Amino acid sequence: MQVVPHVTVCEGCDAVFRAPKLRSREIAHCPRCGTELTRHAGQQRDRLLPLTLASLILFAIANLFPIVEIELQGRSSQTTLAGAVVVLAGEGMSPVALLVLATTLLFPLAQLCILLYLQVAPTVWQADRKADGDAATPPERPPGFAVLVKALQSLRPWGMVEVFLLGVLVAIVKLFGMATVVLGPALWAFVGLTVLLTTLLSFDPRSFWQMAFEREEGAKGGAA
């Protein structure tokens, strides 16, 4: 498959255009159907790696620590997200448990891991190629690059941490009148994670292709 770096295809009408050069905060739309073609990433590229690392830390806290602790008639009970999934499965609601597991744990974690790989792997891959003494121009795209960018695009609608957080908050409000509810560190981590994921998902995965093309052109310029 031949890659054409300076051409973009409209997702709405399949029209082919020369990729426009945008300035900061500019957005290009298809002149035929109005679909967004591309937008300037601005400073998002510089913020992407720190936001990804911060999201992974919050994700670990959100899943390792209790979400809430409930005290009722001298008895105390606390649970984590994994514990809630186990309880749902034990109550005969396996489809619901699987849905919660996928949308609040597996899919968000997969997105964060892919984001981290796509940002770190090109640098590591190029360094390894140079260390091996490869005389040819080292490829800027690491193994699985195209598949992972496509997977990242497909996973975007399925991460539903904010829906889970909203459900937890509604349940907590209802429980306040019946028992003593102590908010756990995982709940605050989920709040922060929701904000960070919203920011990360505003980054168009197609921009990784543009970043790869820019690195490749820079490598060719340096070699020349």
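The values are calculated or read from the model by the stated rules, or taken from the named source; none is laboratory data. In this text, all values refer to a predicted model and were calculated from it rather than measured experimentally. Note that we place each Cβ from the backbone using ideal geometry, even for glycine, and neighbour counts take in every protein chain shown. For the accessible areas, the whole protein counts, side chains as well, though only heavy atoms, and no ligand, DNA or RNA atoms are used. Shrake-Rupley method; radii C 1.70, N 1.55, O 1.52, S 1.80 Å.
Looking at segment 28-50 only, could you name the residues that are exposed (fewer than 13 other Cβ atoms within 10 Å of the Cβ), modelled with pLDDT of 80 or more and not in a loop (DSSP other than H, G, I, E, B)?
Passing the criteria: only P50.
Which one is least open to solvent (accessible area, probe 1.4 Å) among residues in segment 186-211 that are of a type in the set (S, T, N, Q) and more than 20 Å from P66 (Cα to Cα)? Break it down into steps so the answer makes sense when it comes.
Initially, segment 186-211 is screened for residues of a type in the set (S, T, N, Q), giving 194, 198-199, 202, 207, 210.
Next cut, more than 20 Å from P66 (Cα to Cα) only: 198-199, 202, 207, 210.
On the way: T198: 92, T199: 60, S202: 62, S207: 19, Q210: 76 Å².
Filtering first and then ranking leaves S207.
Among the residues that make up segment 163-185, is at least one of them within 18 Å of L51 (Cα to Cα) and either surrounded by 15 or more Cβ atoms within 10 Å (Cβ to Cβ) or modelled with pLDDT under 80 (or both)?
no
Say we look at segment 182-205 and pick out the residues that are polar (S, T, N, Q) and without any contact (Cβ under 8 Å) to a residue 40 or more places away in the chain; which of these is nearest to S154 (Cα to Cα)? Break it down stepwise before answering.
Here is the first cut: in segment 182-205, the ones polar (S, T, N, Q) are 194, 198-199, 202.
After this cut, where a residue has to be without any contact (Cβ under 8 Å) to a residue 40 or more places away in the chain as well, the list is 194, 198.
Values: T194: 19, T198: 16 Å.
Per the criteria, the residue is T198.
Out of the residues in segment 118-148 that are modelled with pLDDT of 85 or more and crowded, with 18+ Cβ neighbours inside 10 Å, which is nearest to T199 (Cα to Cα)?
Within segment 118-148, the match that is nearest to T199 (Cα to Cα) is L118.
When you scan segment 98-109, do you find a residue that is crowded, with 18+ Cβ neighbours inside 10 Å and more than 20 Å from the chain's Cα centre (by Cα), even just one?
Among the residues of segment 98-109, not one is crowded, with 18+ Cβ neighbours inside 10 Å and more than 20 Å from the chain's Cα centre (by Cα), which makes the answer no.
Only one of these is within 17 Å of L165 (Cβ to Cβ), out of contact with any Cys (no Cβ under 7 Å at 6 or more places or on another chain) and not in a helix (DSSP H, G or I): P66, P108. Name it.
On the way: P108 fails: not in a helix (DSSP H, G or I).
That would be P66, the only listed residue that is within 17 Å of L165 (Cβ to Cβ), out of contact with any Cys (no Cβ under 7 Å at 6 or more places or on another chain) and not in a helix (DSSP H, G or I).
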